[in-house]
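Worksheet for the structure shown next.
Taken together, the values in this text are just the output of simple stated rules run on the coordinates, not laboratory data. This structure is a prediction, so every number in the text was calculated from the model and none was measured. Note: ideal-geometry Cβ built from the backbone for every residue, glycine included; neighbour counts use all protein chains shown.
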Amino acid sequence: MIMASGLVIGLVGGTGHLGPGLAVRWAARGYKVLIGSRKREKAERIARYVQGLLSSHGLSVEIGYGENREIIAKSDVVVLTVPYTALTGLIPLLASTIKEESIVITPVVPFLIKNRDIRLVRVAEGSVAEMLTKHLPQARIVSALHTVPYKLLLDFPKPIEGDVLVLGDDLEAVSDVMKLIREIHNLRPIYGGGLEFSVAVESLTPILINIGRRTGKPNVSIKLTGI
Ligand SMILES: NC(=O)c1ccc[n+]([C@@H]2O[C@H](COP(=O)([O-])OP(=O)(O)OC[C@H]3O[C@@H](n4cnc5c(N)ncnc54)[C@H](OP(=O)(O)O)[C@@H]3O)[C@@H](O)[C@H]2O)c1
């Protein structure tokens with residue numbers, strides 16, 4: 001079971017949209033957060049931005065940073081906050097750098113935008129999560145956070161309404177990830193089964209994006225009833 005004190009969470013490509021949002025939420029709860037990037041200076045800039053956001057709410061927290069390789073090697077939980085297209089290049093780096101038994105959280109949605117059209121990508125292994133399992137046997141893959149809009153995370157410390165479907169084959173890793181999700185004020189993690197079902201949640205996000213575009217409400221998320 002993970003504990004806030006001492007646990008290191010590394011955000012690969014944590015310099016984009018989702019990374020800073022997760023960094024703010026977890027750092028505020030006492031986790032040691034590292035921002036990763038292909039460029040050290042960019043990681044440093046975003047780490048300072050996140051620190052500034054926390055400090056504007058009276059929290060003095062240090063955010064670490066480094067190139068992706070450095071932060072992967074130091075992390076107990078690695079979150080892949082990168083676009084699907086980045087994975088081809090990142091998988092060899094992860095395979096050679098990641099600590100044995102690390103948890104890898106994938107929120108990665110396999111889609112491409114072409115002339116504003118959203119196109120689902122069919123992953124040969126079935127889903128991004130299953131592809132990662134094949135290439136990173138030393139890690140424990142958990143699929144989660146696909147439907148949490150980054151703008152809501154950055155709107156710290158506002159609670160976030162919504163459920164988060166969590167999928168994984170290693171139940172201890174799933175339980176640890178569910179604990180991390182519960183640390184984000186009001187989010188409710190719900191276990192949905194093994195990684196074979198990840199394709200469903202990975203395909204859901206493009207539908208939410210379509211709905212957001214059509215309705216002019218970009219922060220569409222999901223909420224289950226009856227449980
Ligand atoms: N945005 C959301 O609200 C949201 C919500 C749920 C799930 N997701 C999923 O979470 C993932 C991250 O989303 P995002 O919106 O944060 O992505 P993003 O802002 O487009 O990109 C995040 C970071 O990925 C790195 N990156 C881009 N291309 C790369 C490449 N070819 N190789 C290595 N690194 C690369 C960049 O970091 P450096 O340039 O610093 O290396 C970039 O800052 C995506 O898979 C997305 O589908 C997003």
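Take the alpha-carbon positions of segment 64-190, form their convex hull, and give its projected area averaged over all directions (one quarter of the hull surface) in nm².
Reported value for the Cα convex hull: 8.6 nm².
Would you mind estimating how fast segment 1-84 diffuses translationally, via Stokes-Einstein at 4 °C and 1.567 mPa s with the Kirkwood radius over Cα pairs, in µm²/s? Intermediate values should be presented prior to the final figure.
Details: Rh = 12.2 Å.
Value of D from the Cα-based Kirkwood radius: 106 µm²/s.
Determine, from the Cβ-Cβ distance of residue 213 and residue 138 and an R0 of 41 Å, the FRET efficiency 1/(1 + (r/R0)^6), rounded to the nearest 0.05.
Working: r = 39 Å, r/R0 = 0.96.
Computed FRET efficiency for residue 213 and residue 138 comes out at 0.55.
Can you tell me which of 15, 88, 133 moves the most in a GNM of the chain? Springs connect C-alpha atoms under 10 Å apart.
Maximum fluctuation in the GNM of the chain, among the listed residues, is at 88.
For q = 0.22, 0.26, 0.28 Å⁻¹, what log10 I(q)/I(0) does segment 93-151 give under the Debye formula with an equal point scatterer on each alpha carbon and no solvent?
-0.94, -1.09, -1.15
Answer rounded, prolate or oblate for segment 21-129, using the Cα gyration tensor with square roots of eigenvalues a ≥ b ≥ c: rounded when a/c is under 1.5, else prolate when a/b is larger than b/c, else oblate.
Details: a/c = 2.08, a/b = 1.50, b/c = 1.39.
It is prolate, given that a/c is not under 1.5 and a/b is the larger ratio.
To make sure I understand the rule: partners must be aspartates and glutamates, Cα under 12 Å from the Cα of residue 32, and not fewer than 8 residues away in the same chain. Which ones qualify?
62, 76
What is the ratio of the Cα radius of gyration of segment 180-227 to 2.2 N^0.38 Å, with N the residue count, to two decimals?
Details: Rg = 12.8 Å, N = 48, 2.2 N^0.38 = 9.6 Å.
Working it through for segment 180-227, the quotient is 1.33.
Residue 194's amide H: which non-local residues (gap 5+, or another chain) put their own amide H closer than 5 Å, with H modeled 1.01 Å from N in plane and none for Pro or chain starts?
Amide H to amide H, under 5 Å and 5 or more residues apart or across chains, residue 194 pairs with 168.
Using θ = phi - 60° and the Karplus relation 6.51 cos²θ - 1.76 cosθ + 1.60, list the HN-Hα couplings for segment 127-132 in order, rounded to whole Hz, with x at every Gly or Pro.
Taking θ as phi minus 60°, the curve returns 7, 4, 4, 5, 4, 5 Hz for segment 127-132.
Take the Cα pairs of the chain, get the Kirkwood Rh, then feed it into Stokes-Einstein at 20 °C and 1.002 mPa s and tell me D in µm²/s. If you can, show how the numbers build up before the last one.
Values: Rh = 17.5 Å.
The estimated diffusion coefficient comes to 122 µm²/s.
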